[in-house]
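Here is the structure we will look at.
Read-outs throughout are calculated quantities, based only on the coordinates presented, and are distinct from any laboratory measurement. This is a predicted model, so every value here is computed, not measured. Every residue, glycine among them, receives a Cβ derived from its backbone with ideal geometry; neighbour counts consider all protein chains shown.
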């Protein structure tokens, strides 16, 4: 029987031959020592080799997994169907290799899934009957959702002498923090499995990587979801079948956070405004400091709250009253009290005469005030061509909000003027736009 070599250290390998079939010859030992010397002269190469091996191995694992998800017209992924339809179309037509971050997320997800499945088996309470169980939710001979259930659980319940068995799909999601409620994309995904196999309910299990905590949500089967999923699948399918693309859905509903995270941001170009030709000269106006006077609106809100009209928001110390103030300011009720700043309207008209497109921006107004604000500007004869208000989920400061949007617009347009009463914000945005202009154009 061959003896296993004891490679506890290079020193053992070179000097301790007690565990080997035969000691190295003098020449072989000299060659080996020379080779080790070369390695030790550049020890970082060993670390680099291990890093490269890990990256290649993770990519190989991802590639093997993605091999099960090759795109076929008419077969779409439940894990993606809630996302922007344009992004989905790009992912099928122009698949991108994963980034290092995406590979890490993929690897963490696989490891956590295996750990959870092992823990459930060892609990003795639940039987894991299958993993990566393929399911199809067919809507016609042409289109379906095709996915894989993470784990199929079998729960046995004994009651009054009867033994019942219930199969439950389990979908596992790793996250940085536990959500208060299931995320919509995950709800769509699990609903697909429930409808496809007629399971009465399923479970979404969230694992918080940083906190080490878990939270599970029971999701009952909802027949209404069949129509919702069907509509989205056919909107995507019909566009791809015709060789066209669906709408830029995320941009249409102004979910620009989704656009920022999208791998197809450059290809999609969601910040190109359909009604404004690319490379147009634009003038950006802060609505609430240069175009509209909001002082009367704020005075009337103070009176409604039973406070003197001259009260400033910072003077309100009662938290409930302060909350009510911001709610009223954020409602369309008092939009009609906005009046025009004459000089501001004149500047808008001047920019228009110079063939510059006036665009209004406001971090103080949320997206649901878009139509009411547009109507008020029209009534005040202010020819603002396009409005940018704070989109849902955006909590940036005023300066960051304006800077971010200036950079977004500068991808497609020449921002020649920025009007803002805040000199610091105006200076920052102007410098940022100038720096953007000096960058080389990709592909040039």
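What the Cα convex hull of the range 295-337 gives, in volume per residue, is 61 Å³. Axis of helix 342-353 versus longest Cα principal axis of the chain: the two differ by about 70°, to the nearest ten degrees.
Packing-based ranking of 306-319, 99-112 yields 99-112, 306-319, ordered from highest to lowest mean Cβ neighbour count within 10 Å. For the chain, the alpha-carbon radius of gyration amounts to 1.37 times the rule-of-thumb value 2.2 N^0.38 Å expected for a compact globular protein. Against the chain, whose longest principal axis comes from its Cα atoms, helix 319-329 is set at around 70 degrees.
Rounded to the nearest 0.05, the FRET efficiency derived from the C-beta distance between residue 267 and residue 231 at R0 = 25 Å is 0.50. Ordering of 346-352, 289-295 by packing is 289-295, 346-352, highest average first (other Cβ atoms within 10 Å, averaged per residue).
Each Cα pair of the range 70-244 feeds into the Kirkwood radius, which the Stokes-Einstein equation turns, at 20 °C and 1.002 mPa s, into a diffusion coefficient of 123 µm²/s. Here the Gaussian network model covers the chain, with springs between Cα atoms less than 10 Å apart; of 327, 434, 82, 327 fluctuates the most.
In the chain, the DSSP beta bridges split such that about 55 percent are antiparallel, to the nearest 5. Ordered by the number of other Cβ atoms lying within 10 Å of each residue's own Cβ, fewest first, 35, 207 fall into the sequence 35, 207. For residue 216, project a label point 7 Å along Cα to C-beta. Then give me every residue of the range 182-210 with its amide nitrogen under 14 Å of that point. Zone members listed by number: 201-207. The order of 278, 209, 83, going from fewest to most other C-beta atoms within 10 Å of their C-beta, is 278, 209, 83. Taking every DSSP helix (H) stretch of at least 4 residues in the chain, weighting each as -39,500 (n - 2.57) and dividing the sum by the residue count yields a mean residue ellipticity at 222 nm of -14000 deg cm²/dmol.
With both residues required to sit in the range 70-244, DSSP beta bridges show an antiparallel share near 80%. Taking each residue as 0.36 nm, the span from residue 167 to residue 96 lengthens on full extension beyond its C-alpha to C-alpha distance by 21.9 nm.
Fully extending the segment from residue 33 to residue 374 would add 114.9 nm, taking 0.36 nm per residue of separation and subtracting the current Cα-Cα distance. Counting neighbouring Cβ atoms within 10 Å and putting the fewest first, the residues 422, 150 line up as 422, 150. Between the Cα long axis of helix 44-66 and the first principal axis of the chain there is an angle of about 80°, rounded to the nearest 10.
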